[in-house]
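Peer 1: Below you will find the structure I want to go over with you.
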Amino acid sequence: MYRRDLITAEIEKLAQVLARIMGFKTELKLKEAEDLFNETLNSSFGLNPSILLENDTEGFTNWLKKSNLNAEKLNALTDFLYSELDFENNPITSNLFAQKLNLIYQSLIDDHQVVHLINLGRQKMIQQYL
């Protein structure tokens, strides 16, 4: 029970950070949003943001296997990455992020036996752009 409370608190904290990032974007403080996004990837997920911008997925796949994140945290990561997709204004970065998102969704299904209806909808939308 104590572990579940810690996970819930951590997910709530990540949701607050995501809300702050979205707030920065709404205020057109794009540099602050990007800095907070990158800092959160590093500190909360142990993910170097540069891996997300690599053309091949090998580095990200290796990180995903080694990270050993639980399903809740992986799902929070999908929220972070999905919030950065903007296929109209930033198609190259969005395409790279979408590839990594699909890998996380597949890991949630294969490794954690977790399927979220929201994620299924997001996957279908992503597939239209890839």
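Peer 1: When you look at Ala33, is it within 13 Å of the chain's Cα centre (by Cα) and surrounded by 11 or more Cβ atoms within 10 Å (Cβ to Cβ), yes or no?
Peer 2: So Ala33 fails the test.
Peer 1: Taking the stretch 89-102 as the region of interest, how many residues are touching a Leu at 6+ places or on another chain (Cβ under 6 Å) and open to solvent by 30 Å² or more (accessible area, probe 1.4 Å)?
Peer 2: Count: 0.
Peer 1: Being within 23 Å of Asp110 (Cα to Cα) and modelled with pLDDT under 95 is true for just one of Leu85, Leu28, Leu18, Leu74. Which residue is that? Walk me through it before giving the result.
Peer 2: Values: Leu85 fails: within 23 Å of Asp110 (Cα to Cα); Leu28 fails: within 23 Å of Asp110 (Cα to Cα); Leu18 fails: within 23 Å of Asp110 (Cα to Cα).
Just one listed residue meets the conditions, Leu74.
Peer 1: Closer than 17 Å to Ala98 by Cβ and open to solvent by 50 Å² or more (accessible area, probe 1.4 Å), is that true of Leu53? Show your work before the answer.
Peer 2: Details: closer than 17 Å to Ala98 by Cβ: yes; open to solvent by 50 Å² or more (accessible area, probe 1.4 Å): yes.
So Leu53 passes the test.
Peer 1: Now for a separate question. Select from the stretch 56-88 the residues that are among the hydrophobic types (A, V, I, L, M, F, W, C) and outside any helix (DSSP H, G or I) and write down the one among them that is surrounded by the fewest Cβ atoms within 10 Å (Cβ to Cβ). Let's see the steps before the verdict.
Peer 2: First pass over the stretch 56-88, keeping only residues among the hydrophobic types (A, V, I, L, M, F, W, C): 60, 63-64, 69, 71, 74, 76-77, 80-81, 85, 87.
Still in the list and also outside any helix (DSSP H, G or I): 69, 85, 87.
On the way: Leu69: 21, Leu85: 19, Phe87: 17.
By that ranking, first place goes to Phe87.
Peer 1: Let me ask another. Take Ser107 and tell me if it is of a type in the set (Ser, Thr, Tyr) and open to solvent by less than 40 Å² (accessible area, probe 1.4 Å). Working first, answer last.
Peer 2: Details: of a type in the set (Ser, Thr, Tyr): yes; open to solvent by less than 40 Å² (accessible area, probe 1.4 Å): yes.
Taking the combined requirement at face value, the residue satisfies it.
The values are calculated or read from the model by the stated rules, or taken from the named source; none is laboratory data. Bear in mind the structure is a predicted one, so any value in this text is a computation, not a measurement. As a convention, Cβ positions derive from the backbone with ideal geometry for all residues, glycine included, and neighbour counts pool all protein chains shown. We work out accessible area using only protein heavy atoms, side chains counted, and drop any ligands, DNA or RNA first. Shrake-Rupley method; radii C 1.70, N 1.55, O 1.52, S 1.80 Å.
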